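The values are calculated or read from the model by the stated rules, or taken from the named source; none is laboratory data. Please read these numbers as outputs of a predicted model, since none were measured by experiment. Cβ placement follows ideal geometry from the backbone for every residue including glycine, while neighbour counts extend to all protein chains displayed. Each accessible area value is taken on the protein alone, full model and side chains, heavy atoms only, with ligands, DNA and RNA left out. Shrake-Rupley method; radii C 1.70, N 1.55, O 1.52, S 1.80 Å.
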Amino acid sequence: MEYFAIIIGAIFVNNIVLAQFLGICPFLGVSNKVETSLGMGAAVTFVMAIASVVVYLIQYHILVPLEIQYMQTIVFILVIASLVQMVEIMLKKLSPALYQALGIFLPLITTNCAVLGVAIILVQKEYSLLESVVFSVSSAIGFSLALVLFAGLRERLDFEDVPKSMKGVPIALVTAGILAMAFMGFSGLV
Amino acid sequence: MSKLQILTKGIIKDNPSFVLLLGMCPMLGTTSSAINGLSMGIATLFVLTLSNIAISLIKDFIPAKVRIPSFIVVIASFVTVVQLCMEAFVPELYATLGVFIPLIVVNCIILGRAEAFASKNNVINSALDGIGMGLGFTMALVLLGTVREALGAGSFFGFKFIEGDGILLFVLAPGAFIALAYLLVIFNKLTAKLK
């Protein structure tokens, strides 16, 4: 039941993009087509799941015993950056097909603040290892869901007659606002 | 480019938020009131200026291949300084801004200026560039924060000017997106006229 609450909470109620404003850059940047946003979503889910385990182990087996929690920000960002590199190299060797599919999205993830954001939230909320993994995977699913929904809306937006000064980013932001309003309907669910 | 131009270009012409559309996460996440926006802006300004200075000082010693990770370590160190100072002196503000303070590390404006400006220019110009860009970002945050606070809570920097509540939606998530969209439209219209 507890895990169920974490999953629903992370995907719908506190959606990482639409309620917590993490990962807005890829949300606005790579959401022109449904296909590319699916690729981005898959890459983020993959990296976030691994990052949550690594971050958990580092926090509770290195930083806390040594009492250097203030190094958190520096250590986490370095770990995530090198993790992304490592995942990229490993995928290239182990599963060329998956590497082809995720390829261009992987390097972009280092600067995705959702990954670092989730890592910091995990530690703040003092989740256990399993809870951390569940939380980060559901957050990533929430991210992908928002991205895919938004991409679908933007694909249709291309055919609409938008006022000249609203074209591009402004109308995309208004659309995101309405989408966020729709997600507010989930609040109070858990 | 003159020193004055370097300082002022970040405020209107190359405004990081309205023109370059960088650093959108803190832009939307921390502007539920003007004060929050202002504090986030100042924290970013501080990190941006100091990291620009540090990077332009050490630029000749960093091998080109590892420059990005080195920049990130420099930035993360200054963010940690800000984080510890805020936690000690303004704990309430630190709690409100929460996860967005450590997330200054991944703010694309800072890494962007390190790579595009500080790694190619001298210390004084880099410092001016950092201050200018930081001011531009702070201005954008305060503007969005003021609009959201005025519409959402009916107050200006905490002083109420109407009875009761405003349109609560503007303090919540959807209002952030919509308010920013219309600010962008106004900014684009105004700069188009200036040209």
Is one or more of the residues making up the stretch B:113-122 under 15 Å from B:Leu57 (Cβ atoms) and open to solvent by 50 Å² or more (accessible area, probe 1.4 Å)?
-> yes
Scan the stretch A:106-127 and give yes if some residue there is away from chain B (no Cβ under 11 Å), open to solvent by less than 10 Å² (accessible area, probe 1.4 Å) and within 13 Å of the chain's Cα centre (by Cα), otherwise no.
-> yes
Looking at the stretch A:165-190, which of its residues are closer than 14 Å to A:Ile11 by Cβ and assigned to a loop (DSSP other than H, G, I, E, B)?
-> A:Gly185, A:Phe186, A:Ser187, A:Leu189, A:Val190
If you go through the stretch B:24-40 one residue at a time, do you hit one that is in a loop (DSSP other than H, G, I, E, B), within 13 Å of chain A (Cβ to nearest Cβ) and open to solvent by 20 Å² or more (accessible area, probe 1.4 Å)?
-> yes
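Just give me the residues in the stretch B:54-69 being assigned to a helix (DSSP H, G or I) and buried (at least 18 other Cβ atoms within 10 Å of the Cβ), in sequence order. Even if it seems obvious, please write down each step before you answer.
Within the stretch B:54-69, the first condition is being assigned to a helix (DSSP H, G or I), and the residues that meet it are B:54-58, B:64-69.
Once the filter is applied, which keeps residues that are assigned to a helix (DSSP H, G or I) and buried (at least 18 other Cβ atoms within 10 Å of the Cβ), the stretch B:54-69 yields B:Ala54, B:Ile55, B:Ser56.
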Does any residue in the stretch B:138-162 that is over 15 Å from B:Ile178 (Cβ atoms) and open to solvent by less than 70 Å² (accessible area, probe 1.4 Å) come within less than 6 Å, Cβ to Cβ, of a residue that is part of a loop (DSSP other than H, G, I, E, B) and hydroxyl-bearing (Ser, Thr, Tyr) six or more places away or on a different chain, and which pairs are these?
-> B:Ala140/B:Ser17; B:Leu141/B:Thr31
For the stretch A:51-74, enumerate the residues that are free of Cβ contacts under 8 Å to residues at least 60 places away in the same chain and open to solvent by less than 60 Å² (accessible area, probe 1.4 Å).
-> A:Val54, A:Ile58, A:Leu63, A:Val64, A:Ile68, A:Gln72, A:Thr73, A:Ile74
For A:Phe21, all conditions in the list (1) more than 15 Å from the chain's Cα centre (by Cα); (2) free of Cβ contacts under 8 Å to residues at least 12 places away in the same chain hold save one; what is the number of the exception?
-> (1)
Take the stretch A:145-190 and flag every residue that is within 23 Å of B:Met24 (Cα to Cα) and small (Gly, Ala, Ser).
-> A:Ala146, A:Ala151, A:Gly152, A:Ser165, A:Gly168, A:Ala172, A:Ala176, A:Gly177, A:Ala180, A:Ala182
Any helices (runs of 4 or more DSSP H) falling wholly within the stretch A:1-102 and containing at least 3 residues that are within 14 Å of chain B (Cβ to nearest Cβ) and out of contact with any Pro (no Cβ under 6 Å at 6 or more places or on another chain) = A:24-29, A:34-58, A:72-94
Checked the stretch B:147-195 for anything more than 14 Å from chain A (Cβ to nearest Cβ) and part of a helix (DSSP H, G or I); matches are B:Glu149, B:Ala150, B:Ala153, B:Leu194
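Just a yes or no: is a residue in the stretch A:154-176 more than 14 Å from every other protein chain (Cβ to nearest Cβ) and in contact with a Phe, Trp or Tyr (Cβ under 7 Å, 6 or more places away or on another chain)? Explain how you work it out, then say what you get.
Narrowing the stretch A:154-176 to residues more than 14 Å from every other protein chain (Cβ to nearest Cβ): A:155-156, A:158-161.
Checking the rest, the ones that are also in contact with a Phe, Trp or Tyr (Cβ under 7 Å, 6 or more places away or on another chain) come to none.
The answer is no; no qualifying residue exists.
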Among (1) modelled with pLDDT under 90; (2) within 19 Å of B:Leu22 (Cα to Cα), B:Gly136 falls short only on (1)
Is there a residue being surrounded by fewer than 21 Cβ atoms within 10 Å (Cβ to Cβ) and without any contact (Cβ under 8 Å) to a residue 24 or more places away in the chain anywhere in the stretch A:133-153?
-> no
